[in-house]
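Where a number appears in this text, it was derived from the coordinates with a stated rule and is not lab data. Bear in mind that the values here come from a model prediction, so they are computed numbers and not experimental data. Here the Cβ positions follow ideal geometry from the backbone for every residue, glycine too, while neighbour counts run over all protein chains shown.
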Amino acid sequence: MTNLAIAANGLRKSYPGKDGDKVVLDGIDLAVPEATIFSLLGPNGAGKTTTVQILSTLIGADGGQVQVAGYDLNRQADDVRGAIGVTGQYSAVDKLLTGEENLLLMADLKHLSRGDGKRKAAELVERFDLADAARKPAGTYSGGMQRRLDLAMTLVGDPRLIFLDEPTTGLDPRSRRTMWGIVRDLVAGGVTIFLTTQYLEEADQLADHIALLDHGRLIAEGTADQLKRLIPGGHVSLRFTDDDAIKDALGVLGRGFVDPSDDDRLTLQIPSDGGVASLRDLLARLDAAGIEPADLSVHTPDLDDVFLALTGQNSDQDKEPVR
């Protein structure tokens, strides 16, 4: 049986309001296996930030049973804190200190000895490619370097579970991809990542499992591919070499239409969920009729389409980040 880094059942949270209590989390269940990347998505006000605050012991829940890193959240909160790290959307880096001094300060806060703290700081400086800037004020760092330093500071205590809240907000595409590589390396080393992000491409690229939260309830869960198959719009594109072949394919398959964007009108679009079984069936029918496409590609809706279809809201990254 897979060990779980987070196991939550019936997690609830409400806040007082003018018209009575406002329910923020309405009995959600979470199961996050160790050494995986779990991404929680949702529009503003969905309850994502509240979920992270509860799981990282910053606020208490009103109900539910929760274990984090194997510890009961209510009875063993100190043990939970010792096992986790949190990298928030806003950098915790002290910009007046050097990168090295920031790491040594974190080592002191984690009660590492002076020698162990220096060794850990030196290791993280190398690991995060900060050696050339380690003795320069962090305020002189680029946004990408500051985010790397921020995450390095989180790792001083060797956490088994890291909460990453909007880790690449404001970074350029190259810095974002560098951060993705670091996250993947952490997971390969056995660390579990709980990710919230406004960039749905980021969740698509990184997450092993995604949960979509809306109005305090989980409305969909699965891998990125599984979520994309929940909504219509998927299709298989088959390109042929001549008109006869495309007509024969249409006759055999009995459905589909010629792609209007193809000037040669030799590409056929067949509605499909993109799954292996449906693709195998389609190719088998063509093969039985002696028809072979020159090219094939599978198109599924992206996570933006899923987000819009299930929540009724756009996830435009230029808007205010989802919470």
- Task: With the cut-off at 15 Å, report for segment 235-299 the share of all Cα pairs above it, as a whole percent.
- Result: 44 percent
- Message: Springs between alpha-carbon pairs under 10 angstrom, Gaussian network model over the chain: which of Thr197, Thr98, Thr267 fluctuates most?
- Response: Thr267
- Query: Under a Cβ-Cβ cut-off of 13 Å, what is the net charge of the residues other than Val252 that fall near it, where Lys and Arg count +1 and Asp and Glu count -1?
  - Reply: -2
- Report, in degrees rounded to the nearest 10, the 0 to 90 angle that the Cα long axis of helix 114-127 makes with the longest principal axis of the chain. 20 degrees
- Task: Quick one: grab the alpha carbon gyration tensor of segment 1-157, order the square roots of its eigenvalues as a ≥ b ≥ c, and give me rounded if a/c is under 1.5, else prolate or oblate depending on whether a/b is larger than b/c.
- Result: prolate
- Query: When only DSSP loop residues count, what chymotrypsin sites (Phe, Trp or Tyr not before Pro) in segment 171-271 have their Cβ near at most 10 other Cβ atoms within 10 Å?
  - Reply: none
- Message: Two decimals, Cα atoms only, Kirkwood Rh: what is Rg/Rh over the chain?
- Response: 1.08
- Item | Ratio Rg/Rh [Cα only; Rh per Kirkwood] for segment 18-64 | 0.99
- Range of Cα positions in segment 134-209 per principal axis (Å), largest first: 38, 28, 17
- Between the DSSP loop rule and a limit of at most 14 other Cβ atoms within 10 Å, which trypsin sites (Lys or Arg not before Pro) in segment 9-107 are left? Lys18, Arg75, Lys95
- Message: So if I take the centroid of the Cα atoms in segment 41-117 and the same for segment 1-29, what is the distance between those two points in Å?
- Response: 19 Å
- Note on the structure: One computes Rg over Rh for segment 159-198 from alpha-carbon atoms, with the Kirkwood Rh, and obtains 0.97
- Any chance you could give the angle, 0 to 90 degrees and rounded to 10, that helix 99-109 forms with the longest Cα principal axis of the chain? 70 degrees
- Task: Could you quote the convex hull projected area for segment 125-276, Cα atoms only and averaged over all directions, in nm²?
- Result: 14.3 nm²
- On a 0 to 90 degree scale, rounded to 10, what angle separates helix 143-154 from the longest Cα axis of the chain? 60 degrees
- Query: Once every DSSP H run of n ≥ 4 in the chain is given -39500 (n - 2.57) and the sum is divided by its residues, what mean residue ellipticity at 222 nm do you get, rounded to the nearest 500 deg cm²/dmol?
  - Reply: -10500 deg cm²/dmol
- For a quick protection proxy, order the peptides 166-173, 281-288 by their average other-Cβ count within 10 Å, most packed first. 166-173, 281-288
